[in-house]
1. Here is a list of conditions, (1) surrounded by fewer than 21 Cβ atoms within 10 Å (Cβ to Cβ); (2) of a type in the set (A, V, I, L, M); (3) in contact with a helix residue (DSSP H, G or I) (Cβ under 9 Å, 6 or more places away or on another chain), and MET61 meets all of them except one; can you say which number that is?
2. Let me confirm something: among GLU212, GLU181, GLU234, GLU150, which residue is surrounded by fewer than 20 Cβ atoms within 10 Å (Cβ to Cβ), within 29 Å of ASN47 (Cβ to Cβ) and out of contact with any strand residue (DSSP E or B) (no Cβ under 6 Å at 6 or more places or on another chain)?
3. Is it true that some residue in region 49-57 is more than 16 Å from the ligand (Cβ to nearest atom) and surrounded by 19 or more Cβ atoms within 10 Å (Cβ to Cβ)?
4. GLY175: assigned to a loop (DSSP other than H, G, I, E, B), buried (at least 24 other Cβ atoms within 10 Å of the Cβ) and out of contact with any Lys or Arg (no Cβ under 9 Å at 6 or more places or on another chain), yes or no?
5. Of a type in the set (Phe, Trp, Tyr), touching an Asp or Glu at 6+ places or on another chain (Cβ under 9 Å) and at pLDDT 95 or above, is that true of TRP262?
6. Which pairs have Cβ atoms under 7 Å, sit 6 or more apart or on different chains, and link a residue in region 208-219 that is under 13 Å from GLU240 (Cα atoms) to one that is among the β-branched types (Val, Ile, Thr) and part of a helix (DSSP H, G or I)?
7. Which one of these is assigned to a helix (DSSP H, G or I) and over 22 Å from the mean Cα position of the chain (by Cα): ALA211, ALA271, ALA241?
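The values are calculated or read from the model by the stated rules, or taken from the named source; none is laboratory data. Remember, predicted model here, so these are calculated numbers, not experimental data. Ideal geometry is used to build each Cβ from the backbone, glycine not excepted, and the neighbour counts take in all protein chains shown.
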Amino acid sequence: MFEPVKIADNVYWVGAVDWNCRSFHGHSYSTHRGTTYNAYLLKGARNVLVDTVYAPFADEMLERISRVIDPSDIDYIVVNHVEPDHSGALPVISQIASRAAVYSTARAVEGISSYYPGISVAETVKTGDVLDFGGRQLTFVEAPMLHWPESMFTYLPDQALLMPNDAFGQHMASGFRFADEVDHGYLMEEAAKYYANILLPYSKLVLKKIAEVQQMNIPIEIIAPSHGLIWRHEPMQIVEAYVRWAAQETEKRVVVAYDTMWQSTEAMALALTEGVESAGVDVRHYKLGVSDHSDVMRDILDAAAVVVGSSTVNNGVLPTVMPLLHEIKGLRPTGRKGLAFGSYGWGGGAVKEIEATLAAAGMDIFEPGLSAKWCPGEDSLTACFDAGKRLGNFLNNG
Ligand code: FEO
């Protein structure tokens, strides 16, 4: 039932489709469209499996492999990344392919032995090392912190095929395997959301790694990531998108994200939004209690300004605002304009907390935060509208 998909000469996708995956990384990242765990079988005089799948999908992977070769005939298993969504089936496949030698970076050794006691790495590899598998060759490129310390890319020169593991992926389940077979808008939205929620804090390393690979001058005709669709037509389109996102290039757009206790902060949010709109600038408006913070992060990826608001509760922000602030703090969308706002009853505190978080993430505070005591009157709402308009006009002139 589970068929492999040939992606190049003697190269097969033997991964798994997780249609029902709805969150990742401890629920910090929503995956509305599911995901795939991509593993690749390279067939030759010797057989290589590049990455495996999440443990619950081991049988699906094994069935796909067995339609190409007997899984016990795998000679090498390359572990590009220890995170269990890719290494989880290692114990199962290692037991069946008992003579298979595991290859990884030196940094992966500790993780593999910790997650999978009894499995040992036969050979550690570093950038430039070559694995000859019966006349065909693989080379390796270490990619530390993209996005774990032990992450690695594997390259198959005879097919100009790059297998960069998590890089260039998307959390998107599909019956298709190639990027050119699916709706391009959905695909790029998922690729952007993936970058915003996983790779954004490592943007400087992303730029360095792309430059390093470009300097190697190796032809790349297929980019086969470990999640989602495979880039075979114009594969550089995703590399170019990564360069834009990693350079923190933004568009003339404002994200307004907030939550409210008794609609005072909401009235301020609406006035701010109207102000931005009055300047003719695109605005994305999110009430956080009914929104998904991973989706908001995706929009922050290419927004030139981020406006965050909260009512004050217990001297700080509402609990529904915390997840977004947590992500902004960790994912660090730098270089954008930031603005805080919110209502309070007596001591305040939320605006100060938001402003500090936006500044710590590397945003430039556009103006001192807007506060309104109890219920914002006409003056407060006009001040919010005017601030939104000034922000919009600033982007128009930038
Ligand atoms: Fe898809 Fe970092 O694992």
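1. Failed condition: (1).
2. On the way: GLU212 fails: within 29 Å of ASN47 (Cβ to Cβ); GLU234 fails: within 29 Å of ASN47 (Cβ to Cβ); GLU150 fails: surrounded by fewer than 20 Cβ atoms within 10 Å (Cβ to Cβ).
Result: GLU181 is the single residue among GLU212, GLU181, GLU234, GLU150 that is surrounded by fewer than 20 Cβ atoms within 10 Å (Cβ to Cβ), within 29 Å of ASN47 (Cβ to Cβ) and out of contact with any strand residue (DSSP E or B) (no Cβ under 6 Å at 6 or more places or on another chain).
3. Within region 49-57, the first condition is being more than 16 Å from the ligand (Cβ to nearest atom), and the residues that meet it are 49.
With the extra rule that they be surrounded by 19 or more Cβ atoms within 10 Å (Cβ to Cβ), the set shrinks to 49.
Looking for residues that are more than 16 Å from the ligand (Cβ to nearest atom) and surrounded by 19 or more Cβ atoms within 10 Å (Cβ to Cβ), one finds at least one in region 49-57, hence yes.
4. Details: assigned to a loop (DSSP other than H, G, I, E, B): yes; buried (at least 24 other Cβ atoms within 10 Å of the Cβ): no; out of contact with any Lys or Arg (no Cβ under 9 Å at 6 or more places or on another chain): yes.
For GLY175, the condition - assigned to a loop (DSSP other than H, G, I, E, B), buried (at least 24 other Cβ atoms within 10 Å of the Cβ) and out of contact with any Lys or Arg (no Cβ under 9 Å at 6 or more places or on another chain) - is not met.
5. Values: of a type in the set (Phe, Trp, Tyr): yes; touching an Asp or Glu at 6+ places or on another chain (Cβ under 9 Å): no; at pLDDT 95 or above: yes.
In short, no.
6. ILE210/VAL239; ILE210/VAL243
7. On the way: ALA211 fails: over 22 Å from the mean Cα position of the chain (by Cα); ALA241 fails: over 22 Å from the mean Cα position of the chain (by Cα).
From the options ALA211, ALA271, ALA241, the qualifying one is ALA271.
Yes/no matrix, rows are residues, columns are (1) within 29 Å of ASN80 (Cβ to Cβ); (2) in the same structural domain as HIS81 (by TED's automatic domain parsing); (3) in contact with a Cys (Cβ under 7 Å, 6 or more places away or on another chain):
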{"residue": "GLU234", "(1), (2), (3)": "yes, yes, no"}
{"residue": "GLN237", "(1), (2), (3)": "yes, yes, no"}
{"residue": "ALA269", "(1), (2), (3)": "no, no, no"}
{"residue": "TYR286", "(1), (2), (3)": "no, no, no"}
{"residue": "ASP302", "(1), (2), (3)": "yes, no, no"}
